[in-house]
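Peer 1: Mind having a look at this structure? Questions to follow.
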Amino acid sequence: MVQTRSLTDMPPPSDGALRAVTKIPGDGIGPLVKNAVEKVMEAMQAPVYFEKYDVTGNMPRVPEEVIKSIRKNKMCLKGGLATPMGGGVSSLNMQLRRDLDLYASLVNCFNLRGLQTKHGNVDILVIRENTEGEYSGLEHEIIPGVVESLKGVG
């Protein structure tokens, strides 16, 4: 039996209702990319609508209303948020990972039927730990070119 996959594991709502998705355009090219994704979703007639929140990397914290929206919707389309440089300051990206207990990032790579690629039979799941080591926000340069990353606690 040949296993087929879709681009998403999200089943359509059985009641036909639209699903809310929290949208954080972010910084840099984030707003352009997120707006393009929204247009694609509209063209696909995807059963979603976006609750947009303007969060930027220069804010002291992600507002609690944004965290509540993500928890309620269980889906978020987020652009990159600028990370402050130096001083051991944790980024808003890190705050979201901690507040929402996003321990790992999962990326599933596989071939799409009918699309010719250089490599066939690709089916890889990449798991990247998101909250410790270099992602903990506890790193510093010991001497020029040597950075120490400390494991985060609790």
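Peer 1: Of all residues in the range 18-35, count the ones that are buried (at least 19 other Cβ atoms within 10 Å of the Cβ) and in a strand (DSSP E or B).
Peer 2: Number satisfying all stated conditions: 4.
Peer 1: Here's another thing I want to ask about it. Among the residues of the range 105-154 satisfying the criterion of being within 26 Å of Gln95 (Cα to Cα) and of a type in the set (Asp, Glu), which is modelled with the lowest pLDDT? Break it down stepwise before answering.
Peer 2: Here is the first cut: in the range 105-154, the ones within 26 Å of Gln95 (Cα to Cα) are 105-108, 125-142, 146-154.
Those still in the list that are of a type in the set (Asp, Glu) too: 129, 132, 134, 139, 141, 148.
On the way: Glu129: 76, Glu132: 62, Glu134: 53, Glu139: 62, Glu141: 72, Glu148: 68.
Per the criteria, the residue is Glu134.
Peer 1: Search the range 36-62 for residues being polar (S, T, N, Q) and loosely packed, with under 13 Cβ neighbours inside 10 Å, and hand back the single one that is nearest to Lys78 (Cα to Cα). Step through it out loud before you land on a result.
Peer 2: Going residue by residue through the range 36-62, those that are polar (S, T, N, Q) are 45, 56, 58.
Retained after the next criterion (residues that are loosely packed, with under 13 Cβ neighbours inside 10 Å): 45, 58.
Details: Gln45: 20, Asn58: 16 Å.
Checking each candidate, the answer is Asn58.
Peer 1: Which pairs have Cβ atoms under 6 Å, sit 6 or more apart or on different chains, and link a residue in the range 31-60 that is farther than 20 Å from Ser90 by Cβ and modelled with pLDDT of 90 or more to one that is hydroxyl-bearing (Ser, Thr, Tyr) and part of a helix (DSSP H, G or I)?
Peer 2: If the second residue must be hydroxyl-bearing (Ser, Thr, Tyr) and part of a helix (DSSP H, G or I), the pairs left are Glu51/Ser69.
The values are calculated or read from the model by the stated rules, or taken from the named source; none is laboratory data. No experiment lies behind these values; they were computed from the predicted model shown. Reconstructed Cβ throughout: ideal geometry from the backbone, glycine too, with neighbour counts over all protein chains shown.
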